[in-house]
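The values are calculated or read from the model by the stated rules, or taken from the named source; none is laboratory data. Keep in mind it's a predicted model, so treat the numbers as computed, not measured. Ideal geometry is used to build each Cβ from the backbone, glycine not excepted, and the neighbour counts take in all protein chains shown. With ligands, DNA and RNA removed, areas are computed over all heavy atoms of the protein, side chains included. Shrake-Rupley method; radii C 1.70, N 1.55, O 1.52, S 1.80 Å.
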Amino acid sequence: MNNDLNLTSVDTLGSLLAQIKDLTAQADAIKDGIKESASAGGATVVEGVLFKATYSESNKSIFDKEAFIKVHGAAVYATFTKVSAVFSVKVTSR
């Protein structure tokens, strides 16, 4: 197999993805704190020096594929299903 990629670019990618994971965990913890505070009657808008965070609630509708297939059948579902190619790169530590 011909590998034209510089091996250190894979290490850089892995390092970046690890940093993103850590930063996402930190961001999620802060968001959870804002959500818990707002849900308990606290502020829904929190202002920092550079940024402002606004908490809001909404309803979300989700399509129940299994229930649709039970009622209408897999063939009807397949008629309205679109298939697309998906590509990914998975990085794991050694």
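For the stretch 52-94, what log10 I(q)/I(0) values come out of the Debye formula at q = 0.19, 0.33 1/Å, with one point per alpha carbon and no solvent? Here the Debye-derived log intensity ratios amount to -0.78, -1.17.
In terms of the mean number of neighbouring beta-carbon atoms within 10 Å, the peptides 57-69, 31-43 order highest first as 31-43, 57-69. Before anything else, pin down the relative contact order of the chain: Cα pairs under 8 Å, at least 6 apart, normalised by residue count, whole percent. This gives 22 percent for the chain.
Potential lengthening of the chain between residue 70 and residue 94 amounts to 4.2 nm, from the contour at 0.36 nm per residue minus the alpha-carbon distance. Of the accessible area of the chain, computed with a 1.4 Å probe over protein heavy atoms only, carbon and sulfur atoms account for 58 percent. Checked against a 32 Å cut-off, the cross-linked pairs 31/90; 21/52; 52/82; 60/82 give Cα-Cα distances beyond that limit for 52/82. Compared with the direct C-alpha span, the chain from residue 19 to residue 84 gains 20.4 nm at full extension, assuming 0.36 nm per residue.
Between 78, 53, 27, the Gaussian network model of the chain with springs among Cα atoms under 10 angstrom shows the greatest mean-square fluctuation at 78. Looking at the chain, the pairs of alpha carbons with a distance over 20 Å make up 69% of the total.
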